[in-house]
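Written below as structure tokens is the structure these notes are about.
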Amino acid sequence: MTFYPQLILDALKHVRYPGTGTDIVSAGMVDDDIRIDGNKISFSLVFDKPNDPFAKSLVKAAEQAVLMYAGADAEIKGNISIRFKNEIPKAPGKALPQVENIIAVSSGKGGVGKSTVSSNLAVALALAGYKVGLLDADIFGPSVPKMFGLEDARPYLEPVGDRNLIRPEEKYGVKMLSIGFFVDPKSAILWRGGMASNALKQLITDANWDELDFFVIDLPPGTSDIHLTMVQTLAITGAVVVTTPQEVALADARKGISMFTGDKVNVPVLGLVENMSWFTPAELPENKYYIFGKEGGKNLAEELHIPLLGQIPIVQSIREGGDNGVPVACNPESITGQAFAALARKVVEQVKIRNKTLPETQKVETLKKNKHK
């Protein structure tokens, strides 16, 4: 039997808190940390106070409800933890210690080509000789499977030590995972924020990423709890913000940059990428038509004193590459291939600068030598 979060929640609706008679799901006592690993199910129950007299009995009732209404083969006994409101959580250890550098690619709004930049940056880094992973963290609009021609891919579990981990798909030298590999591409994903965050955590911590030089994360557009989940789960090296030269996009890019540099997130911004900078027809490669405005991203980078990592033109091959599953960075001789190769070099450069600014006691050699140089 296949277990999923909503099935568990529906089962737990049969459990009522004795003090009020309200089911524990409606009462908000079931935390959003439902985790499913095969038949093993775990989650937390949240109580108002540490000395709640019904805590132990409710745990047993929840175990019985899962077995009765979700499936008798569920491994639930001993997997329900107890938490209390206003409890100060312990600081979690950062995941993926075997990954040297984690790059979050973000945008203030949708439609500016963030996923295109993420995918092609990952491919360009791989072509430069680095070990690269790509996580499609855009839970509600995953596009990486399409961009790499892997819509039909279904990653499987493989034994690693005493665990079964998800084996990332690999193409063009990039290891990748996306929620799009596990859901019906024709159906909308209707999940609460907590469920989306937990699904994302599983793609990070329950996958066999192995050693990587760069782990590129394609974040959802805007600002959300997904971004906070990433910061809490991973030691992010820096963020790359994508925008177009258009004023509307630039206004949202400011918000995105402000989010990363704010106290709650506090992630260094490696720089800004200006996408769709100009239109260049394939037959007239020297011509530039500034459809969305001229150098808006460049001006914003100068104003905020952050590096301009690259200006990516609009050419038909970018759209064709995304639709056909062959990112344009795979052709380093093309105009856009050269642009993404230059972007990759700039990102590596900024990462090196970022690592040099760490305190001497924390300084580590994060970039492996490029065998191709």
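The values are calculated or read from the model by the stated rules, or taken from the named source; none is laboratory data. Treat the numbers as computed from the prediction; the structure is a model and nothing was measured. Cβ coordinates were reconstructed from backbone atoms using ideal geometry, including for glycine residues, and neighbour counts include every protein chain displayed.
Just one residue in the set 237, 229 is among the hydroxyl-bearing types (Ser, Thr, Tyr), modelled with pLDDT under 90 and touching a helix residue (DSSP H, G or I) at 6+ places or on another chain (Cβ under 8 Å); that residue is 229.
Within region 234-259, the set of residues being surrounded by fewer than 19 Cβ atoms within 10 Å (Cβ to Cβ) and under 17 Å from the mean Cα position of the chain (by Cα) comprises 235 only. Restricting 137, 128, 153 to those that are of a type outside the set (Asp, Glu) and modelled with pLDDT of 90 or more reduces the list to 128.
The set of residues in region 62-110 being assigned to a loop (DSSP other than H, G, I, E, B), closer than 27 Å to residue 258 by Cβ and modelled with pLDDT of 80 or more consists of 96 alone. Of all residues in region 294-306, at least one satisfies being farther than 25 Å from residue 104 by Cα and either modelled with pLDDT of 85 or more or more than 26 Å from the chain's Cα centre (by Cα) (or both).
Filtered by the rule that a residue be out of contact with any Phe, Trp or Tyr (no Cβ under 6 Å at 6 or more places or on another chain), touching a residue at least 40 places away in the same chain (Cβ under 8 Å) and not in a loop (DSSP other than H, G, I, E, B), region 7-57 gives 7, 8, 10, 12, 35, 37.
With the condition kept exactly as written, say whether any residue in region 42-51 is surrounded by fewer than 16 Cβ atoms within 10 Å (Cβ to Cβ), among the acidic types (Asp, Glu) and not assigned by TED's automatic domain parsing to the domain that holds residue 201. Looking through region 42-51, at least one residue is surrounded by fewer than 16 Cβ atoms within 10 Å (Cβ to Cβ), among the acidic types (Asp, Glu) and not assigned by TED's automatic domain parsing to the domain that holds residue 201. Note on region 260-274: residues that are crowded, with 20+ Cβ neighbours inside 10 Å and either out of contact with any Pro (no Cβ under 9 Å at 6 or more places or on another chain) or free of Cβ contacts under 8 Å to residues at least 12 places away in the same chain (or both) total 2.
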